[in-house]
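What follows is a set of notes on a single structure, which appears directly below.
The values are calculated or read from the model by the stated rules, or taken from the named source; none is laboratory data. Note that the coordinates shown come from a computational prediction; the quantities given were computed from them, not determined experimentally. In this analysis, Cβ positions are derived from the backbone assuming ideal geometry, glycine residues included, and neighbour counts consider all displayed protein chains.
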Amino acid sequence: MWLWDKIASSMNWKLIPEPELSPTLEADIQKMLIASFPEYVDFFTANSYWGTKPEFRLIAVDNAQPIAHVEFGYRHITIEDVSFEIAGMGAVAIHPDHQGKKLGKAMFAYLREYLLKNSNADFGFLGCHEKVARFYAASGFQQVHQSVYNLNPDSQTWETYHGPTMVMPIHKSMQAWKADGLIHLHGMPW
Ligand SMILES: CC(C)(COP(=O)(O)OP(=O)(O)OC[C@H]1O[C@@H](n2cnc3c(N)ncnc32)[C@H](O)[C@@H]1OP(=O)(O)O)[C@@H](O)C(=O)NCCC(=O)NCCS
């Protein structure tokens, strides 16, 4: 068993459907996101996610506080004439006190297992900063070199995003991904 699989199985994970997220837990998640994203203090003081409203939160809990967080939801997207069901993911963070210990990698190992058993998602999907693309590549994602057409949550206008885009095979392999053409999200990103 890999180290991160051991971590994944030893952690106290909670998978919470959004309607069951209590105001207290949402506030605790915001506190964690503020600690993990010091450059976005104002944003995470007012919000617990960016873009599409999550359908689920996955957190790891330690001493009654979230120390790892990712939110996600399902959607059909298209690349030209090909359609895929994706689990779009966002607000990925590990509390600074717990970074660098493979907890991020363990979180995606746990999430992939969950999606295999509980969803029809073909792929996991997210956009990220260049500086963390290597983390996602180490955590089961593959970078795809295609632009993404989506509704910008801030400006509420449709635009083409050219930043790093990461795809994780769930029920389909990367060979099934359509690796050319614009990725149409049919909504906001996560
Ligand atoms: C990025 C983040 C989620 C990584 O979580 P983590 O638990 O510290 O990472 P892990 O210990 O599981 O690292 C797994 C692998 O990714 C690599 N990695 C971790 N953080 C990295 C980073 N910032 N840049 C590049 N590689 C990174 C590790 O070297 C490790 O590689 P290996 O398995 O080949 O040895 C975490 O540092 C974090 O929350 N950062 C602040 C918020 C953020 O940037 N979120 C992502 C927004 S897109």
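Below, the figures for the structure above:
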item: Members of the range 1-30 that are in a helix (DSSP H, G or I) and either buried (at least 16 other Cβ atoms within 10 Å of the Cβ) or within 18 Å of the chain's Cα centre (by Cα) (or both); result: 4, 7, 8, 18, 25, 26, 28, 29, 30
item: Verdict on residue 79 being in contact (Cβ under 8 Å) with a residue 40 or more places away in the chain, touching a Lys or Arg at 6+ places or on another chain (Cβ under 8 Å) and more than 14 Å from the ligand (Cβ to nearest atom); result: yes
item: Some residue of the range 172-189 being within 13 Å of the ligand (Cβ to nearest atom), closer than 27 Å to residue 6 by Cβ, surrounded by 16 or more Cβ atoms within 10 Å (Cβ to Cβ) and not charged (D, E, K, R); result: no
item: Identity of the residue in the range 113-135, more than 8 Å from the ligand (Cβ to nearest atom) and of a type in the set (Phe, Trp, Tyr), that ends up farthest from the chain's Cα centre (by Cα); result: 114
item: Answer residue from the range 99-127, given it is under 24 Å from residue 82 (Cα atoms) and of a type in the set (A, V, I, L, M, F, W, C) and is surrounded by the most Cβ atoms within 10 Å (Cβ to Cβ) among those; result: 125
item: Hits in the range 82-107 - residues which are more than 12 Å from the ligand (Cβ to nearest atom) and touching a residue at least 24 places away in the same chain (Cβ under 8 Å); result: 82, 84, 85, 86, 87, 88
item: Matching entry among 100, 90 (being modelled with pLDDT of 95 or more, within 24 Å of residue 51 (Cα to Cα) and not in a helix (DSSP H, G or I)); result: 90
item: Yes/no for residue 16 being within 14 Å of residue 68 (Cα to Cα), among the β-branched types (Val, Ile, Thr) and either in contact with a Cys (Cβ under 9 Å, 6 or more places away or on another chain) or in contact (Cβ under 8 Å) with a residue 24 or more places away in the chain (or both); result: yes
item: Total residues in the range 128-156, condition touching a Gly at 6+ places or on another chain (Cβ under 9 Å), under 12 Å from residue 168 (Cα atoms) and either among the charged types (D, E, K, R) or surrounded by fewer than 20 Cβ atoms within 10 Å (Cβ to Cβ) (or both); result: 2
item: Residue list for the range 98-115, filter: touching a helix residue (DSSP H, G or I) at 6+ places or on another chain (Cβ under 7 Å) and among the hydrophobic types (A, V, I, L, M, F, W, C); result: 103, 106, 109
item: Which numbered condition residue 45 misses (of (1) outside any strand (DSSP E or B); (2) under 12 Å from the mean Cα position of the chain (by Cα)); result: (2)
